[in-house]
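Asks: For reference, the structure I am asking about is given below.
The values are calculated or read from the model by the stated rules, or taken from the named source; none is laboratory data. The model shown is predicted, which means the values in this text are computed figures rather than measured ones. Every residue, glycine as well, gets a Cβ built from its backbone with ideal geometry; the counts of neighbours run over all protein chains shown. In case anyone asks, the SASA skips ligands and DNA or RNA and just uses the protein heavy atoms, side chains included. Shrake-Rupley method; radii C 1.70, N 1.55, O 1.52, S 1.80 Å.
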Amino acid sequence: MTQLTPTTAPPPLPATAETIERTVAATRRRRGVAGWFRGDGPHILVFLLPLLFSFILFSWKPIVDAAVMAFQHTNLIAPAEWVGWENFATVLSDPLLGKAVVNTLWFAALALLLGYPIPLVVAVLMSEVRRARGLYSALAYLPVIVPPVVGALLWKFFYDASPNGVFNTIAAWFGAGPFPWLQDQATAMPSIVLFATWSAAGGTIIIYLAALVGVAPELYDAAEVDGAGVWRKVWHVTIPQLRGVLLITFILQIIGTAQVFLEPFLLTAGGPANSTTTVLMLIYKYAFQNSLGGDYGAATALSLMLAVVLAIFSAIYFRLTRSWSTS
Amino acid sequence: MSGVIGADAPAEPQAAPAQRRERPQAEDRGILSVADWRRGRVRLTTRLTHLILLLSLVVVGLGPILWLAKSAVTPTQDTLRQPLALWPNGIDWANLAEAWTRVEIDKYFLNTVIIALGVWLVQVVVATTAGYALSVLRPRYGKIIVGLVLATLFVPSIVLLVPLYLTIVQPPLLGQSLINTFWAVWLPAGANAFNVLLVMRFFDSLPREVFEAARMDGAGPYRLFWSIVVPMSRPIIGVVSVFAVIAAWKDFLWPMLVLKDPAMQPLSVRLPQLQQFIELDVFLAALAIATVIPIALFLVFQRLFLNGASLGGAVKG
């Protein structure tokens, strides 16, 4: 009732659509609490109820909880107890942490090396396919559809280290191997990344394909007028035109690989000799594989630290690349 | 309005030239120009590259799946000794039946279906009602809620893992743990910001005149939702549905944490454990069974996936 602002009072104009709208808006604003009940107010809340219920309980509250729990000892039996930075100290003094961080970085580096260029090259080649392009994309996307658990268990069998293993049989055709794949500290992580790339590349290819279709043909025409051959067109037109998408897939891949769990969990369970234990596996271990009961505080502390590192990384990255990203 | 066009509607403006370019005549061009295509050497190289690409995609993309299909009906000894041979000692159809009945894959399959359907229902209800309230009814405080929903996209999911687990163990108000109930998987699935944004974008693109006309004719907010907005939003509900079912089918870590009772577990959680005590051929048959539904969904809704992924990318961007 306090919102009788004279500025919005409708001037005596002919009733154009605009003035009517303004009048309606003004009356609506003036209606206040009683009007809210008479109008759509309560009904809107009814429709918002599912959203509020699920987001408050399963998104917003857990996010707040995470920030709180990192500074508490919680074991679900005794009431939670404030412990300051102790959880962080526990995590940071864990000898496994350094190993897990290095492993995760190694995973990320390998995933970039393999998983970043392959979809780009495939998508660029695919964008020139004139007939049955749908077949190409369907084939490329198939591995994304295979449930990751099935994929991992299947590849675990493919990675059988004996000479009769599937991959070793294929390697033998070319006179190579047998390789130890998952059994050896040196090859375990690359093997996991190979599987991860197989199962995820299709999604990235589809994203790149969509972006490639959006490249204006005039740019190629112009490049040709300037005498550019095929390779120079790819290098000077296609890739620069994709840079917006490339920047985003880069950061998404980093954020994704930082949270890798299923692949090492199912393929190697972190072994051999912790050579594939990632940060998320460590979080899982703190919370759910602890014989003394879950150390939820340490697990949340570590996940918060990882989230903060990722946020800082993304912020720096976007700051650095802002100048040369699209618009 | 066909499903696919409808699904494209809320995508980035970037997609617009894409559609324009799909249509027109022969001078529709990519990196290679018409002149390039006329040059014999370029054409030959391109054709050859595409052939190699196709073959590699068949081997890499389809190969493992075909191998799985083959091995599902191959005796264990053959798979172990000659993994790449085609049935050196005949086909063993019994694997599939044994996996389905004796290993009780039927039970876990049913669990997976129940989980997927529940997740689907929760996600569709949350996304459509929220999209309707925020994009069509537009309360004044709507922007705050949209902002809070958007903000959750920037929180990595691992931060939620432990607190969400504890929420399920000790849910507020309920006083009873949800562990080992399907609710533990169904309910948290609703808090999907991506779905809400997708549906909101679609609702924003619907013509508002239709809503106003329905209002003039005396339709209340519920009638407007059920008789006008829901039927009009079938394409986007389709997109949300397919992705909800596929995601639920794939999910592993969360159901593993909250469904400890093997009788409740879906295939994804059960399969790694089954591996330890069933024979290889039956195990591979079980893996094949677990893959059938997602592949079938993909084949039926292929265009949705192959356009939908780009739509997802557009939203993420």
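Asks: Which of rounded, prolate or oblate describes chain A when judged by the alpha-carbon gyration tensor and an a/c cut-off of 1.5?
Replies: oblate
Asks: So for A:SER275, B:SER56, what's the accessible-area order with a 1.4 Å probe, most first?
Replies: These residues rank, largest area first, as B:SER56, A:SER275.
Asks: Placing one identical point scatterer on every Cα of segment A:84-167 and ignoring solvent, what is log10 I(q)/I(0) from the Debye formula at q = 0.16, 0.17, 0.19 Å⁻¹?
Replies: -0.94, -0.99, -1.06
Asks: List, largest first, the extents of the alpha carbons of the protein assembly as shown along their principal axes, each in whole Å.
Replies: 91, 76, 50
Asks: When you take every Cα atom in segment A:244-327, what is the radius of gyration, and what is Dmax, the widest Cα pair distance, in Å?
Replies: Calculated on Cα positions, Rg and Dmax stand at 16.1, 54 Å.
Asks: Looking at chain B as a GNM with Cα springs under 10 Å, which of B:ILE293, B:ILE158, B:ILE168 has the largest mean-square fluctuation?
Replies: B:ILE158
Asks: Averaging the inverse of every distinct alpha carbon separation and then flipping it gives the Kirkwood radius. What is it for segment B:93-142, in angstrom units?
Replies: Final number for the Kirkwood radius of segment B:93-142 is 13.7 Å.
Asks: Per DSSP H run of n ≥ 4, the term is -39500 (n - 2.57); total these for chain B, divide by its residue number, and report the mean residue ellipticity at 222 nm rounded to 500 deg cm²/dmol.
Replies: That calculation yields -20000 deg cm²/dmol at 222 nm.
Asks: Could you pull the accessible area for B:ARG47 with a 1.4 Å probe, rounded to 10 Å²?
Replies: The value for B:ARG47 is about 120 Å².
Asks: Still on this structure: Could you tell me how far the Cα centroid of segment A:248-315 sits from the Cα centroid of segment A:65-129, in Å?
Replies: 4 Å
Asks: DSSP H helices in chain B with Cα extent of 15 Å or more along the helix axis and mean Kyte-Doolittle hydropathy at least 0.5?
Replies: B:40-57, B:105-131, B:142-152, B:157-169, B:193-205, B:234-250, B:280-300
Asks: Taking only the alpha-carbon atoms of chain B, what semi-axes of the equivalent ellipsoid follow from 5 times the gyration tensor eigenvalues under a square root, in whole Å, largest first?
Replies: Equivalent ellipsoid semi-axes, largest first: 39, 34, 17 Å.
Asks: Sticking with this structure for a sec: If you place +1 on the Cβ of every Lys and Arg, -1 on the Cβ of every Asp and Glu, and leave all else neutral, what size is the dipole of segment B:204-317 about its Cα centre, to the nearest 20 Debye?
Replies: 180 debye
Asks: Over all directions, the average projected area of the alpha-carbon convex hull for segment A:215-287 comes to how many nm²?
Replies: Averaged projected area of segment A:215-287's Cα convex hull equals 7.3 nm².
Asks: Per-residue Cβ counts within 10 Å, from other chains only, averaged over B:48-58: what number is that?
Replies: If you average over the peptide's residues, the count of other-chain Cβ atoms is 4.
Asks: Follow-up. Can you compute the charge dipole magnitude of the protein assembly as shown about its Cα centre, using +1 on each Lys and Arg Cβ and -1 on each Asp and Glu Cβ, nothing else charged? Give it in debye, rounded to the nearest 20.
Replies: My answer is approximately 1620 debye.
Asks: Next question, about the same structure. For A:GLU218, B:GLU98, A:GLU128, what's the largest-to-smallest order of accessible area, 1.4 Å probe?
Replies: Putting A:GLU218, B:GLU98, A:GLU128 in descending order of accessible area: A:GLU218, B:GLU98, A:GLU128.
Asks: Counting Lys and Arg as +1 and Asp and Glu as -1, each charge on the Cβ, what is the dipole of chain A about the Cα centre in debye, to the nearest 20?
Replies: Dipole magnitude for chain A comes out near 860 debye.
Asks: Just the accessible area for B:TRP186, please: 1.4 Å probe, Å², rounded to the nearest 10?
Replies: The accessible area comes out at roughly 40 Å².
Asks: Take chain B, connect every pair of alpha-carbon atoms lying under 10 Å apart with a spring to form a Gaussian network, then pick out the residue of B:ALA191, B:ALA214, B:ALA290 with the largest mean-square fluctuation.
Replies: So, out of B:ALA191, B:ALA214, B:ALA290, the one fluctuating most is B:ALA214.
Asks: Between segment B:247-279 and segment B:131-192, how many Å separate their Cα centres?
Replies: 23 Å
Asks: Something else about it: Please report, in whole Å, how far the alpha carbons of segment A:89-138 spread along each principal axis, starting with the longest.
Replies: Cα spread of segment A:89-138 along its principal axes, largest to smallest: 59, 17, 11 Å.
Asks: Next question, about the same structure. Along the Cα→Cβ direction, 7 angstrom out, place labels at A:ILE251 and B:LEU84. What is the inter-label distance in nm?
Replies: Once both label points are built, they end up 4.3 nm from each other.
Asks: What are the residues whose amide H is under 5 Å from the amide H of A:GLN72, where those residues sit 5 or more places off or on another chain and H is modelled from the backbone?
Replies: Amide H neighbours of A:GLN72: A:VAL83.
Asks: Rg over Rh of segment A:173-327, using C-alpha atoms and the Kirkwood radius, what does it come to?
Replies: The Rg/Rh ratio comes out at 1.11.
Asks: Which one of B:GLY131, B:GLY220, B:GLY118 has the biggest mean-square fluctuation once chain B is modelled by GNM with Cα springs under 10 Å?
Replies: In the Gaussian network model the winner is B:GLY220.
Asks: Here is a further query. A:LYS285: which lysines have alpha carbons under 27 Å from its alpha carbon, excluding same-chain residues fewer than 8 sequence positions away?
Replies: Once the sequence-local lysines are set aside, what remains near A:LYS285 is A:LYS61, A:LYS99, A:LYS156, B:LYS250, B:LYS260.
Asks: Averaged over all directions, how much area does the convex hull of the C-alpha atoms of segment A:109-217 cover when projected, in nm²?
Replies: Here the figure is 8.3 nm², rounded to one decimal.
Asks: So what is the 222 nm mean residue ellipticity for chain A from helices alone, if each DSSP H run of at least 4 adds -39500 (n - 2.57) and you divide by all residues, rounding to the nearest 500 deg cm²/dmol?
Replies: Rounded to the nearest 500, the figure is -21000 deg cm²/dmol.
Asks: To the nearest 10 square angstrom, how much accessible area does B:VAL292 have with a 1.4 angstrom probe?
Replies: Per-residue accessible area (B:VAL292): approximately 90 Å².
Asks: Of A:HIS43, B:HIS50, which has the most accessible area with a 1.4 Å probe, and how do the rest follow in descending order?
Replies: A:HIS43, B:HIS50
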